[in-house]
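Below you'll find the structure, written out as structure tokens, and then a few comments.
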Amino acid sequence: MDFLSKWLNIIRKCNIDNTYKMAWAKALTEIALETDFDKIDNQQIEITLDTIARKVVKYYWEQTIYFDLKQGSNPLKPPKILSVTKSLISKYQHKANSTHPIKYLKSNVENICETEYEITIKQVIAALKQDVSYRFISLGGKIVEGIYEYEKGDNSLCMTLDNLRVLKDNYGISFEAINYRWSQILENFNQTPRICKKVRIIDIEEIRRTPLSKFIKYLDYENPEHSCFICGKNIEGETPSLDHVIAWSYLYSDDIWNLVFAHRSCNSSKSNIIPNEQVVNKLEKRNLRLLEALIENGVNNKETSELQFAIEHNLVKKFWISCQG
């Protein structure tokens, strides 16, 4: 049985006491998707539990702050990771003076609650070390060989470059299997509708669109000729359309770092497909030029600071990866 078959078999057949293993699998898939294989010479890749923990907190943050989903079979004793994530959310909301739900990647929780966040990460690492790291690769009391190497109690695991590459090449299959299994598990713990949508953090009815015209003057600084981001030709004889490179239906927000000029026809034909990595890389380069243009023209406001934050925190790539899964 090859790696991918073993991987999917673990996801399908793992126990359902809680959702830890799904969060673990999702984090490893995300790490594979982030890996730049052209810059790696080693055949064994070390992945720290710290790296995994920071992604796991993101998943539980969003399922909790929006929907307060139960993640374990015992309502009187919720999973440790869920409890510490809830505590972090509470502390964040107190410091931010707002209980309005906010996506993890936009929260800036790492800086607003720096000490509390790092304490949470340590607690999550301890839970992963005790309950997930070595148990994930165990089915029916037997270790599934060839997934990764891990010594009980270690702070990192090792995956082969080939296995990581398989995960990256098949990330869509992996994310789909994880989300489906995660939804199945949650249905056992929660009497709530739309579990599948809530695993993907989707609740269309409660989110309203806002006009995008305020962004035009800022995009003009970098693209005064109104070149279409999609086809590359200048937009003539029509008002440029403002396109969300990563579709609005995935982010449910309007951000200058995700908006570009496009022909209306190009925008409508693109629909809501997830862009490929080449398009995402193109957007990242555009954002660097846009930030430089705004600074050169003395624009120092909310849009500039949000763009700079997005660049410094790699939000384009992070949100692109998140909408894959």
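A short reminder: the numbers here are calculations on the coordinates, not readings from a lab. The shown structure was predicted, so the numbers you read here are calculated from the model rather than taken from an experiment. Cβ sites come from the backbone with ideal geometry, for glycine too, and all protein chains shown count toward neighbours.
See the values below:
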{"read-out": "Principal-axis tilt of helix 302-312 within the chain, Cα atoms, nearest 10 degrees", "value": "50 degrees"}
{"read-out": "Residue among V280, N300, W7 farthest towards the positive dipole end of the chain, charges placed on Cβ", "value": "W7"}
{"read-out": "Helix 20-34 axis, angle to the chain major axis (alpha carbon atoms, nearest 10°)", "value": "50 degrees"}
{"read-out": "Crossing angle, helix 171-189 versus the chain [Cα axis fit, 0-90 degrees, rounded to tens]", "value": "60 degrees"}
{"read-out": "Phi-based couplings in Hz for the stretch 214-231 (Karplus 6.51, -1.76, 1.60; Gly and Pro marked x)", "value": "5, 8, 4, 5, 7, 5, 4, 4, 8, 9, x, 7, 6, 6, 5, 5, 7, 9"}
{"read-out": "Selected from C323, M22, S268, residue furthest toward positive end of dipole (the chain; charges at beta carbon)", "value": "M22"}
{"read-out": "Radius of gyration and maximum dimension Dmax of the chain, Cα, Å", "value": "21.1, 68"}
{"read-out": "Spacing of the two label points (7 Å from each Cα toward its C-beta) at N111 and N234, in nm", "value": "3.9 nm"}
{"read-out": "E145-L4 FRET efficiency (beta carbon distance; Förster radius 22 Å; 0.05 resolution)", "value": "0.90"}
{"read-out": "Length released on extending from I274 to Q130, taking residue separation times 0.36 nm less the Cα-Cα span", "value": "48.2 nm"}
{"read-out": "Candidates I230, I40, I52: whichever shows maximal mean-square fluctuation once the chain is modelled as a Gaussian network with Cα springs under 10 Å", "value": "I40"}
{"read-out": "Under the Debye formula (equal points on every Cα, no solvent term), log10 I(q)/I(0) of the stretch 209-324 at q = 0.16, 0.18 Å⁻¹", "value": "-0.71, -0.92"}
{"read-out": "Charge dipole (debye, nearest 20) of the stretch 89-181; +1 at Cβ of Lys and Arg, -1 at Cβ of Asp and Glu", "value": "340 debye"}
{"read-out": "Computed lengthening from N297 to S90, 0.36 nm per intervening residue step minus Cα-Cα distance", "value": "70.5 nm"}
{"read-out": "Efficiency of FRET between T99 and E306 - r from beta-carbon atoms, R0 22 angstrom, step 0.05", "value": "0.50"}
{"read-out": "Extended-chain gain in nm, criterion 0.36 nm per residue less alpha-carbon gap, E176 and K77", "value": "32.8 nm"}
{"read-out": "Cα gyration tensor category, rounded, prolate or oblate, for the stretch 249-312 with a/c compared to 1.5", "value": "prolate"}
{"read-out": "Separation in nanometres of the label points that stand 7 Å from Cα toward Cβ, at D68 and N281", "value": "4.5 nm"}
{"read-out": "Where GluC sites (Glu not before Pro) in DSSP loops with at most 11 other Cβ within 10 Å are excluded, longest remaining stretch of the chain", "value": "1-144"}
{"read-out": "Given K285/K318; K39/K168; K13/K77; K233/K285; K55/K285; K13/K318, the pairs whose alpha carbons are separated by over 21 Å", "value": "K13/K77; K55/K285; K13/K318"}
{"read-out": "Dimensions (Å) - the stretch 1-92, Cα atoms, principal axes, largest first", "value": "46, 32, 19"}
{"read-out": "In sequence order, calculated HN-Hα J values of the stretch 41-56 (Karplus, 6.51, -1.76, 1.60; Hz; x Gly/Pro)", "value": "9, 6, 8, 10, 10, 8, 10, 7, 5, 4, 4, 5, 4, 5, 6, 4"}
{"read-out": "DSSP-assigned coil residues among chymotrypsin sites (Phe, Trp or Tyr not before Pro) in the stretch 101-141, each with at most 13 further Cβ atoms within 10 Å", "value": "none"}
{"read-out": "Under 15 Å, Cβ to Cβ, from N42 - net charge with Lys/Arg +1 and Asp/Glu -1", "value": "-4"}
{"read-out": "The stretch 113-128 - phi-based ³J(HN,Hα) in whole Hz, Karplus 6.51/-1.76/1.60, Gly and Pro as x", "value": "10, 3, 5, 5, 5, 5, 5, 4, 4, 5, 5, 5, 4, 4, 5, 5"}
